[in-house]
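Notes for the one structure printed next.
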Amino acid sequence: MNDTPRANRLHIGLFGKRNAGKSSLINALTHQDTALVSDIPGTTTDPVFKAMEIHGLGPCVFIDTAGFDDEGELGELRIRQTQRALEKTDIALMVCTDEHLDEELHWQRLLKEKNVPVIWILNKCDLLSDAEQTMRHIEQQCGQVPLLVSTLTGKGLDDILRSLRNKLPDETMSQGIVGRLVEENDTVMLVMPQDIQAPKGRLILPQVQTIRELLDRKCLVMSCTTDKIDAMLAALTRPPKLIITDSQVFRTVYDKKPAESRLTSFSVLFAQYKGDIDYYMKGANTIAQLTPKSRVLIAEACTHAPLTEDIGRVKIPNMLRKRIGEGLQIDIVSGTDFPEDLTPYDLIIHCGACMFNRKYVLNRIGQARAQHVPMTNYGVTIAYLAGILDKIDY
């Protein structure tokens, strides 16, 4: 489980003022000196991510954030990083040490807007003269009985883990990457062109994760490059139940596939796994309304150096301009860069987001939806432009 990518882990964010003991709490929960601990307020600057495997929670990652009462110009930058960590948080631990909660209640509202469950923690309870009375004051303000915790004595640590297990998000019980498209003993054919974008000597992450899930589900997995599709189909005694292809060769595979074989792509599967596939499908259909004066935002999770055949920076823009016109304005952002104001855009096209956790992607979709901006993803876009959007499965 230590090899589980961070994007596939439950994200648990710790929020609170400076010196509330967030770093000590992470160290106590992980049984490691993960975060730097000091009595000096503001020790934690950028968020610290610690991946763990915890019984009952599975693979997870703790996020230690800077105190949201930080000060000065540098403090504002740290708080901004804490806000970005909030976007990735599945469950929040709100850590406080007294009943003065103006800041905490503000952040609780922000978390509620993102549908993030919050567990309140009264930390350093061993230092309080009347912890029970402080606990009651906190409950009156936040509407929740806080957990009494002391990292010095170990009090309340098991209560935190128990509360986390009780608040696991529904997606932890999802159908996985391939959903209901396959069953045990189904033959699945993967078409994976090894072009300039393919990393030398290895497969890209969505391919690796999909293959692993198919093997776990006891499917019969066959793979080939685009030029070997005919040979692969001829070698099989019966057509594959499902063909999963790289989106870039969607049309080629569709033209060659047996009529009884279902078709999808890695990017489309991740649109379902990480995002909102229905919103993406509606978003793709708005391509028909774009004009040469329209503006499109392409967002990719990776921050790799651009390649000459890059799908997000080169191929999709070329396909769109060929369909719509050379005047189409296309902006590209990568990594965690994402405009707060999306209203200048007529469409957002997102990558498969294998490097982001589902919560972070859903927050981006929610942002676009709130601003009434259509959104789709790479694979869905290519299927639309290839004229086969209604022919693919997810």
key: Subset of region 143-156 [surrounded by 15 or more Cβ atoms within 10 Å (Cβ to Cβ) and either modelled with pLDDT under 95 or among the small types (G, A, S) (or both)]   = S150, T151, G156
key: Tally, over region 252-268, of residues that are without any contact (Cβ under 8 Å) to a residue 60 or more places away in the chain and in contact with a Leu (Cβ under 8 Å, 6 or more places away or on another chain)   = 3
request  = Just give me the residues in region 380-394 being closer than 9 Å to M319 by Cβ, hydrophobic (A, V, I, L, M, F, W, C) and under 24 Å from the mean Cα position of the chain (by Cα), in sequence order.
outcome  = I382
query = Just checking, which of Y254, Y273 is part of a helix (DSSP H, G or I), at pLDDT 95 or above and either touching a Phe, Trp or Tyr at 6+ places or on another chain (Cβ under 7 Å) or not acidic (D, E) (or both)?
reply = Y254
key: Per-region count, region 223-251, residues in contact with a helix residue (DSSP H, G or I) (Cβ under 8 Å, 6 or more places away or on another chain), open to solvent by 60 Å² or more (accessible area, probe 1.4 Å) and under 20 Å from V268 (Cα atoms)   = 1
note = Here, helices (runs of 4 or more DSSP H) confined to region 128-247 with at least 2 residues that are touching a Cys at 6+ places or on another chain (Cβ under 9 Å), within 30 Å of D102 (Cβ to Cβ) and of a type outside the set (F, W, Y) are 131-142
task = Would you mind telling me which numbered condition in (1) over 21 Å from L181 (Cα atoms); (2) modelled with pLDDT under 95 G283 fails?
result = (2)
Set H11, H31: member being at pLDDT 80 or above, over 12 Å from F62 (Cα atoms) and of a type outside the set (G, A, S) = H31
note = I204 fails exactly one of (1) at pLDDT 95 or above; (2) within 22 Å of I382 (Cα to Cα), namely (1)
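The values are calculated or read from the model by the stated rules, or taken from the named source; none is laboratory data. Source: prediction; values computed, not measured. Here Cβ is always computed from backbone atoms with ideal geometry, including for glycine, and neighbour counts include all displayed protein chains. Accessible surface is based on the protein model in full, side chains and every heavy atom, while ligands, DNA and RNA are left aside. Shrake-Rupley method; radii C 1.70, N 1.55, O 1.52, S 1.80 Å.
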